[in-house]
1. For the structure I just gave you, tell me whether Ala87 is buried (at least 24 other Cβ atoms within 10 Å of the Cβ) and closer than 23 Å to Leu425 by Cβ.
2. Taking Leu180 as the residue in question, decide whether it is in the same structural domain as Leu454 (by TED's automatic domain parsing), over 12 Å from Phe215 (Cβ atoms) and of a type in the set (A, V, I, L, M).
3. Within the bounds of the stretch 143-155, is there any residue that is part of a loop (DSSP other than H, G, I, E, B), among the acidic types (Asp, Glu) and at pLDDT 95 or above?
4. If you take the residues in the stretch 178-197 that are under 23 Å from the mean Cα position of the chain (by Cα) and over 20 Å from Glu21 (Cβ atoms), which one is modelled with the lowest pLDDT?
5. Across the stretch 50-74, what is the total count of residues that are in a loop (DSSP other than H, G, I, E, B) and out of contact with any Gly (no Cβ under 6 Å at 6 or more places or on another chain)?
6. When you scan the stretch 121-132, do you find a residue that is in contact (Cβ under 8 Å) with a residue 60 or more places away in the chain, within 16 Å of the ligand (Cβ to nearest atom) and crowded, with 21+ Cβ neighbours inside 10 Å, even just one?
7. Whether any residue in the stretch 415-428 is over 24 Å from the mean Cα position of the chain (by Cα), away from the ligand (no atom under 16 Å from the Cβ) and either on the phi < 0 side of the Ramachandran plot or assigned to a loop (DSSP other than H, G, I, E, B) (or both) is what I want to check.
8. If Asp217 satisfies every condition in (1) out of contact with any Lys or Arg (no Cβ under 8 Å at 6 or more places or on another chain); (2) assigned to a loop (DSSP other than H, G, I, E, B); (3) of a type in the set (Asp, Glu); (4) more than 16 Å from the ligand (Cβ to nearest atom) but one, which is the exception?
Amino acid sequence: MKNPPKIAVIGLDGCSPKYLEKILSYGFVPTIKQIISKHGYFKLYAFPPCTPPSWSSIMSGVNPGKHGIYGFQHYNRSTGSTYLTSALHLEHPRVHEMLGINGLKSIVINPIPSYPLIPVKNTLIISHMFFTPRLVWYPEHIGKYAKLLREHSYRSSTREEYLENVANTLDDYLALVESLIDRFDWNMFWLNLHYPDAILHKFDEKWVFEKQYYFEDKIFGKIDRIVKMMLRESDYLVIVSDHGFSHYHTIININSFLFRRRYAVEDKEGRGLREFWEHGENKDYLGISNRLVLRIANNKLFSKMIPPIKNLIEKITGKKIRTAEYNVDVKASKAFLLSTYSHGIILNDTPIKERLVSELKTLEGIADVRDSTKIYDGPYIGRAPDLLVFPDYDSGYCLGKNKITRIVYRRKEVNNHHPIGIFILSGPTGETSREDDANIVPNHIVANTIMLLLNQPLSNHADSIELAEKIAGRKNSGFKDYVGTWRLVKRIATIKSSGIKAH
Ligand SMILES: [Zn+2]
């Protein structure tokens with residue numbers, strides 16, 4: 001092994017332990033199976049189970065209170081507006097950025113936050129998914145490799161066509177990894193894939209966690225080939241997901257509840273709170289109000305009759321009926337859920353907090369409601385929503401969108417994010433799995449473990465240091481203030497990138 005050694009990381013967005021067990025048992029991923037039979041794996045805890053904050057923690061080694069990203073969007077209390085979070089809102093460097101500062105080389109494909117791309121010395125970066133509006137890379141000379149990632153049309157009409165498209169996209173990633181992995185010198189090679197998350201969002205059926213779906217063997221066969229290549233070229237290999245995925249039977253609409261209790265106020269002009277989604281499914285909701293349908297919808301007795309009535313009315317009128325949905329008026333509301341994946345409630349009126357928490361806690365399907373300052377800590381805690389809602393995931397409840405629909409509980413079979421992901425580590429390390437509950441590790445452990453394995457000083461803000469030392473099987477050699485240097489790098493990037501302002 002060279003000193004410093006080489007570490008390869010593959011991110012599998014949304015891969016839960018149960019889904020992992022399924023693809024292992026079907027034999028789709030022989031290389032991953034081999035690694036797990038030797039090393040086992042940790043369950044990775046992420047709250048909120050949401051792509052931008054979780055990947056930011058995984059890649060930076062700190063909790064959101066220190067990196068500043070709490071969701072897809074941030075709420076600005078003084079203006080009452082929301083904006084999409086980006087790499088410019090990230091306040092702690094990611095592992096490739098810390099390594100770059102120390103003179104170690106990295107290749108990073110799809111860092112998160114993905115946009116804008118922040119150029120750092122000693123790193124090659126290609127960004128082509130999640131929120132990247134277009135394919136971007138750094139430095140200029142790697143353009144010919146970046147272009148191996150072709151544009152695939154995802155507006156396909158059937159699920160089968162979509163899955164075939166995913167397989168084609170993975171062929172591009174295979175070609176990219178193959179062409180970069182032994183052509184350039186690196187200490188860390190990090191590839192994030194939007195799978196299985198993007199696939200699982202296409203299914204609401206429970207069987208997707210148990211049975212094989214179309215093209216799944218091909219898709220995961222290609223991912224396994226990427227893993228095999230990475231394993232061959234590195235001393236350590238990490239496979240990590242930012243959150244899990246699970247099946248639910250009930251969707252809880254928090255803002256509808258807050259509206260009923262007069263905490264949240266509707267904005268009938270439709271300006272209010274927007275919601276940003278991960279997969280471009282950002283439909284504009286019609287404010288069509290059909291009072292009759294709504295009254296029926298709110299009545300349990302008639303709820304079974306709705307679909308046939310709805311179908312009949314639609315047949316007669318030739319128009320689609322949708323239940324009225326209103327945006328939240330953020331200024332007039334005392335409290336509101338910011339967005340589905342943030343799991344966060346914003347309070348405009350703090351004296352109501354205690355009463356609100358106790359009312360929410362008595363709701364069916366809510367496991368807990370906690371102050372964000374009890375969950376996160378750091379200089380950017382002020383950006384966090386005031387309260388965090390923990391649905392009772394394992395009893396089948398998840399959170400719905402942030403619109404006021406007046407229906408608090410929607411009984412619907414859906415698949416969606418879950419806080420437990422996976423963390424697999426192969427190589428001559430310390431602990432690679434534990435028994436039972438102790439097997440759950442926080443998501444920020446990943447970057448710190450990598451820093452230790454590469455013999456690099458940890459950030460003086462790093463979280464869960466002792467645990468990272470146990471997992472890496474070595475002690476931290478000292479602390480370093482990376483944030484100061486990172487601020488300068490980010491400022492230069494801010495000047496260069498147009499259109500996006502740092503807040
Ligand atoms: Zn997702």
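The values are calculated or read from the model by the stated rules, or taken from the named source; none is laboratory data. Note that the structure is a prediction, hence the values are computed from the model and not measured. No Cβ is skipped: glycine too gets one built from the backbone with ideal geometry, and neighbour counts run over all protein chains shown.
1. Values: buried (at least 24 other Cβ atoms within 10 Å of the Cβ): yes; closer than 23 Å to Leu425 by Cβ: no.
The answer is no for Ala87.
2. yes
3. no
4. If we take residues in the stretch 178-197 being under 23 Å from the mean Cα position of the chain (by Cα) and over 20 Å from Glu21 (Cβ atoms), then His194 is modelled with the lowest pLDDT.
5. So in the stretch 50-74, the residues in a loop (DSSP other than H, G, I, E, B) come out as 50, 61-63, 68-72.
Okay, now just the ones that are also out of contact with any Gly (no Cβ under 6 Å at 6 or more places or on another chain), so 61-63, 68-72.
Going through the stretch 50-74 one residue at a time, the tally reaches 8.
6. Yes: one or more hits.
7. yes
8. With respect to (1) out of contact with any Lys or Arg (no Cβ under 8 Å at 6 or more places or on another chain); (2) assigned to a loop (DSSP other than H, G, I, E, B); (3) of a type in the set (Asp, Glu); (4) more than 16 Å from the ligand (Cβ to nearest atom), Asp217 is out only on (2).
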